1. Quick one: how many lysine pairs does the chain have with C-alpha atoms less than 22 Å apart and a gap of 8 or more or different chains? Give me the count, please.
2. Check which residues have an amide H placed less than 5 Å from ASN76's amide H, if you skip close sequence neighbours.
3. Using the per-residue mean of other Cβ atoms lying within 10 Å as a proxy for protection, in what order, highest first, do the peptides 1-9, 18-26, 77-85, 104-112 fall?
4. Give the ranking of SER30, SER56 by solvent-accessible surface, highest area first, calculated with a 1.4 Å probe.
5. Excluding THR115 itself, calculate the net charge of residues whose Cβ lies under 15 Å from the Cβ of THR115, where each Lys or Arg counts +1 and each Asp or Glu counts -1.
Amino acid sequence: QVQLVESGGGLVQAGDSLTLSCAASGSIFSIAIMGWYRQAPGKQRELVASMTSGGSRNYLDSVKGRFTISRDNAKNTVYLQMNSLKPEDTAVYYCKVVCRRTSLGPEYQYWGQGTRVTVSS
């Protein structure tokens, strides 16, 4: 199995910064995609940012220029640097990993337990 451990959430004021991290461990051969999603109360979960093993990044329009996703492939860890936080960024942030457990096996996706980010105005 694969385990994801997230950290870095908290309560901050508008304009502050936070960095989330998510470390994947367990039976991992390769990780294709690492990403961050968020879900605000009463809303659907949405993709915030993702990054492929080749380095391609994808961002939600509302966070472009403020958030930066990065990954350390040696540590199977993905980061989300969040700057200029706004109250509308308040949500539970979830890490998702798409990986293979063997060289010829299928890809699986795994989710972290979520970390709460609250931005006060």
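1. The number of close lysine pairs in the chain is 6.
2. For ASN76, no residues qualify.
3. Highest-to-lowest ranking by the protection proxy: 77-85, 18-26, 1-9, 104-112.
4. Ranked from most to least accessible, the order is SER56, SER30.
5. Net charge around THR115: +2.
The values are calculated or read from the model by the stated rules, or taken from the named source; none is laboratory data. Quick caveat, the model's predicted, so the values are computed rather than measured. Quick reminder, even Gly has a Cβ in these numbers, built from the backbone with ideal geometry, and neighbours come from all protein chains shown. To get the accessible areas, we keep the full protein, side chains included, count just its heavy atoms, and leave off ligands, DNA and RNA. Shrake-Rupley method; radii C 1.70, N 1.55, O 1.52, S 1.80 Å.
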